[in-house]
1. Taking only DSSP H segments of four or more residues, each worth -39500 (n - 2.57), what value at 222 nm results for the chain once the sum is divided by all its residues, to the nearest 500 deg cm²/dmol?
2. If contacts are Cα pairs under 8 angstrom and at least 6 residues apart, what is the relative contact order of the chain in percent?
3. Which value, in Å to one decimal place, does the Kirkwood hydrodynamic radius take for the range 51-195 when every pair of different Cα atoms is included?
4. For the chain, what ratio Rg/Rh do Cα atoms give with a Kirkwood hydrodynamic radius?
5. Work out the charge dipole of the chain with +1 on the Cβ of Lys and Arg and -1 on the Cβ of Asp and Glu about the Cα centre, then indicate which of Tyr53, Ile178, Gly406 is farthest towards its positive end.
6. Kindly put Ser49, Ser87 in sequence by how many other C-beta atoms sit within 10 Å of each C-beta, fewest to most.
7. Considering all projection directions equally, how large on average is the shadow of the alpha-carbon convex hull of the range 245-308, in square nanometres?
8. May I ask for the net charge around Leu384, where only other residues with Cβ less than 13 Å from the Cβ of Leu384 are counted and Lys, Arg are +1 while Asp, Glu are -1?
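What follows draws every value from the coordinates through simple rules; no lab data is involved. Treat the numbers as computed from the prediction; the structure is a model and nothing was measured. Cβ: placed from backbone, ideal geometry, glycine included. Neighbour counts: every protein chain shown.
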Amino acid sequence: MGNHKDTIAAIATPVGQGGISVIRISGTDAMSIISKIFRKNDSNHILKSHHIYYGKIVNERKIIDDVLVSVFLKPKSYTGEDVVEISCHGGMFVTQKVLQQVLNNGARHAKRGEFTQRAFMNGKMDLTEAEAVVDLINAKTAHTLESAINQLEGRLYISIKKILQKLIEIRSNVELDIDFSDQELGEETDDERRKALVEIKTQIESLISTGNQGIILNEGYRVAIAGPANAGKSSVFNRIIENERSIVTDIAGTTRDYIEEDIALEGYLVKIYDTAGLRESKDTIEKYGMNKTLEIISNAHLILWIEDSTVSRETFPELMRKMNIIRVKNKVDLLNNPSMITDGIPVSAKTGEGIQELKNLIVNNISIEEYDLSKGLISNSRQLAAVEKSNVAIKNAIQALDDSRGLEFLAFDLREASEHLEEVIGKVTSEEIINSIFDRFCVGK
Ligand SMILES: Nc1nc2c(ncn2[C@@H]2O[C@H](COP(=O)(O)OP(=O)(O)OP(=O)(O)O)[C@@H](O)[C@H]2O)c(=O)[nH]1
Ligand SMILES: [Mg+2]
């Protein structure tokens, strides 16, 4: 997780030419590094926090660039450490030279997300807020952005904290009873504990119910295009994404590996998959592709089942009976009487007919309910998994009370329940999970 005593630096703006570039430095040596390489335009050498200074970055006597230097002394900075930001002219060459000067004078090049990771380590934000930073940067649609901003405000953190507080109260009361079992401390009766736990369970379950929606907003609504070979799946896929991304031929078995594209539909992020046609095949690669198809189908929120309307009715694979399916009849341009179609949505990937209706249907299926933003929304699978584990532990705790299993069992379940909630906000999260979260960032953030 890096050594937090060292000082890190990176270019914080996108790579390429621009009006300005920002080089960010954070750590104990940030101020001494800047004093070595920066010459202010007046004779006063003092750099105060939350001030911006105009001057030059120099290499011994040579001027590298005219810059603005912003100073944020700890703890009032993004990372909670001393932070200096150098705004220099935006050419690649000059930016690299300024960065090199910073690195030559004692900073180390920052890793992906390392600034935000330090902010997390220094208690500037919890894990849900750190995740919101990366979601915000990566947001491709209006709804994703809205959900990230809401999370950045710490709403989910506050909700979880409140539940945790109650849980810890009950827990410490139970543990007190265990420690002093010979003395009748009995502040809380089993009935009171049960009631409090049921209330916590309700709150956790309401959070979980936001999870599926939050994940759709953030990670995308997954739509799998599937169906028999040669029905025109790739052609429909290309029409929907408005790009000739997938290979189309008249040979059945053209698509072997799945193809994934992100599109925005009415502000929603939709992940759309073109998959291999389902048919009997002895070809090893094609069989492998079909297994992948089945995996994608089972993970999809919605399936577009594409059939060739000129071919007699096909049957669905067993797997899909319970799934959310839109049946699509493709190639209607080849029919004499397309209005005869009653068992699916008539489309033609060739002419584009019916494609807009299909897109509207996808959006209608997303069915995100109005959610209460003030409570915060679970927004990724990691958070959902941890909250679900906590819920299981709470249920076990209630069961332990009902079965009069003894306070030790109850204490054990309560500890597990709070640990899983703490995992969501990053209090007891493993180093591996933390590293994988910050790996999603870009360098310089
Ligand atoms: N007339 C007509 N032909 C179509 C239409 N859609 C696809 N085709 C043709 O049907 C053939 C198969 O199209 P693909 O899109 O490759 O079909 P697929 O379902 O992806 O096929 P596999 O990947 O092999 O399973 C190609 O020759 C397409 O040009 C359509 O709407 N009308
Ligand atoms: Mg195909």
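1. Values: 13 runs with 193 residues, N = 445.
Only helices count here, giving -14000 deg cm²/dmol.
2. 17 percent
3. 19.8 Å
4. Details: Rg = 28.5 Å, Rh = 26.1 Å.
We get a ratio of 1.09 for the chain.
5. Tyr53
6. Ser49, Ser87
7. 5.0 nm²
8. Numbers: positive: Arg382, Lys389; negative: Glu131, Glu205, Glu219, Glu388, Glu423.
The answer is -3.
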